[in-house]
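The values are calculated or read from the model by the stated rules, or taken from the named source; none is laboratory data. All values derive from a computational prediction rather than experimental measurement. Glycine gets a Cβ as well: all are built from the backbone with ideal geometry, and neighbour counts include every protein chain shown. Heavy atoms of the whole protein, side chains included, go into the accessibility calculation; ligands, DNA and RNA do not. Shrake-Rupley method; radii C 1.70, N 1.55, O 1.52, S 1.80 Å.
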Amino acid sequence: MTKFLFMALSCVFVACGSTGSKQTTSDAPAVQRQAPATNVPAFNADSAYAYVANQVAFGPRVPNSAAHKACGDYLASELARFGAKVYQQEATLTAYDGTRLESRNIIGSFNPDMDKRVLLFAHWDSRPYSDHDPDPAMHKVALDGADDGASGVGALLEIARLVGQKSPSVGIDIIFFDAEDYGTPEFVDTFTPDTWCLGSQFWAKNPHVPNYKAEYGILLDMVGGKNATFFKELQSVRFAAPIVEMVWSAARDLGYGKYFINANGGAITDDHQYVNAGRGIPCIDIINYDPETETGFPAYWHTQKDNMENIDRETLKAVGQTVLHVIYQE
């Protein structure tokens, strides 16, 4: 997941050396809570956990690697197996250092003919560098990305499986964005803007269907960690405050308030930013945020320890069931 934290929207810090905002009140307008839905499928945490493990088993999903290609094929085949209309958007994208990345955005559309749509998305690539690892010898070594990448995709695969069995009243598009995590590493001195989220930047300019629109979008990034806390990310609050309140209210109604914290966190450059700016779709980011760490992220972020040992079924359940609750109330 990406990589810049803002203490306020007007003040930017590089995530490796910043202190995240500790603001504990939200300026977002409240929305009226809906009664708990009774038609919502039950999110299977064991199934989601298995989808995360299956991705990690391929090895680091770094563009241009055999593991990346094999995992991409797996994700596309799973979406098709669940009944989605699958689009595979291939593009050669340019990394911060000029490396040409053979990339693939993988899109699964359920009920593609419906006009009213909701967009769910995550990134499926993993970082080629462990540039926050305490061992400098690991800084140029790729990581598993069990939480940072695979957890969001695993949760969305389980949601896709359930949507394929029982359709909500809106069309659902699930996008696995590529080349999100190939941004400028900490060991490079020269800052280059917009080197993260290359797949979503490409899709925003070249959507899989012409003039694509959705009512709103929800990004899942780092949603599998033990004891994760999801604060209200500030760009989400700024551009999609009613959606933030709808999702956090749903989580509280479901008993997941210990995960979905009713307070603002930092602002994070992530795929939702480019979808919002490029397509005009109000998007929010559900992302693990720790205001007590230097980076604002868990200690295993961008290290060799981002592996399956950190993945927790209860966290996956809290996120997945909340998202299902939201989309089935549409």
Exercise. Please report the relative contact order for region 223-266, taking Cα pairs under 8 Å with a sequence separation of at least 6, and give it as a percent rounded to a whole number.
Key: 58 percent
Quiz prompt | Per residue accessible area in Å² of the chain, where ligands, DNA and RNA are left out and the probe is 1.4 Å | solution = 37 Å²
Quiz item: Taking a point 7 angstrom from the Cα of Arg238 along the C-beta vector, which residues in region 190-231 have backbone N less than 16 Å away?
Solution: 194
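Please report the net charge: other residues with Cβ closer than 13 Å to the Cβ of Gly255, K and R +1, D and E -1. Intermediate values should be presented prior to the final figure.
Values: positive: Arg252, Lys258, Lys317; negative: Asp253, Glu314.
Summing Lys/Arg as +1 and Asp/Glu as -1 gives +1.
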Quiz item: With +1 on each Lys and Arg Cβ and -1 on each Asp and Glu Cβ, how big is the dipole of the chain about its Cα centre, in debye rounded to the nearest 20?
Solution: 900 debye
Quiz item: Quick one: of the DSSP bridges fully inside the chain, what percent are antiparallel, nearest 5?
Solution: 55 percent
Quiz item: On full extension of the chain, what length is gained from Arg252 through Phe187, given 0.36 nm per residue of separation minus the C-alpha to C-alpha distance?
Solution: 19.3 nm
Exercise. Give the shape of region 220-268 as rounded, prolate or oblate, defined through the alpha-carbon gyration tensor: a ≥ b ≥ c are the square roots of its eigenvalues, a/c under 1.5 means rounded, and otherwise the shape is prolate if a/b is larger than b/c and oblate if not.
Key: oblate
Exercise. Above 18 angstrom, tally the Cα pairs of region 150-276 and express them as a % of all pairs, no decimals.
Key: 63 percent
Self-check item: Pairs of alpha carbons in the chain whose separation is greater than 28 Å (percent)
Solution: 32 percent
Exercise. Report the label-to-label distance for Thr293 and Ser169 in nanometres (one decimal), using points 7 Å from each Cα along the Cα→Cβ vector.
Key: 4.0 nm
Quiz item: If we count chymotrypsin sites (Phe, Trp or Tyr not before Pro) as exposed when they sit in a DSSP loop and have at most 12 other beta carbons within 10 Å, what is the longest stretch of the chain that avoids them all?
Solution: 1-186
Quiz item: Which value in deg cm²/dmol, rounded to the nearest 500, describes the helix-derived mean residue ellipticity at 222 nm for the chain, given -39,500 (n - 2.57) per DSSP H run of n ≥ 4 and division by the residue count?
Solution: -9500 deg cm²/dmol
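Which trypsin sites (Lys or Arg not before Pro) in region 211-274 pass both tests, a DSSP loop state and at most 16 other beta-carbon atoms within 10 Å?
Hits after loop and neighbour filter: Lys213, Lys226, Lys258.
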Self-check item: Cα lying deepest toward the dipole's positive end in region 190-330, options Tyr328, Thr192, Phe297, charges on Cβ
Solution: Tyr328
Self-check item: Under 15 Å, Cβ to Cβ, from Asp73 - net charge with Lys/Arg +1 and Asp/Glu -1
Solution: -1
Practice problem: Express in whole angstrom the spacing between the alpha-carbon centres of region 190-246 and region 101-142. | Solution: 12 Å
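Sequence gap at least 6, Cα distance under 8 Å: using those rules, report the relative contact order of the chain to the nearest whole percent. Display every interim value, and only then the final one.
Details: 778 pairs, mean separation 93.2, N = 330.
Computed value for the chain: 28 percent relative contact order.
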Practice problem: Express the carbon and sulfur contribution to the solvent-accessible surface of the chain as a percent, rounded to the nearest whole number, probe 1.4 angstrom. | Solution: 50 percent
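Add +1 for every Lys or Arg and -1 for every Asp or Glu among the other residues with Cβ under 13 Å from the Cβ of Ala48, and state the total.
Details: positive: Arg161, Arg313, Lys317; negative: Asp46, Glu78, Asp147, Glu158, Asp312, Glu314.
Result for the neighbourhood of Ala48: -3.
With the contact rule set at Cα under 8 Å and sequence spacing of 6 or more, what percent relative contact order holds for region 92-233? Walk me through the numbers before you get to the answer.
Numbers: 238 pairs, mean separation 50.9, N = 142.
It rounds to 36 percent for region 92-233.
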Practice problem: Any aspartates and glutamates with Cα under 12 Å of the Lys317 Cα? List them, leaving off those in the same chain fewer than 8 positions away. | Solution: Asp46, Glu158
Quiz item: By how many nm would the segment from Asp113 to Asn64 lengthen if fully extended, with 0.36 nm per residue of separation less the alpha-carbon distance?
Solution: 14.2 nm
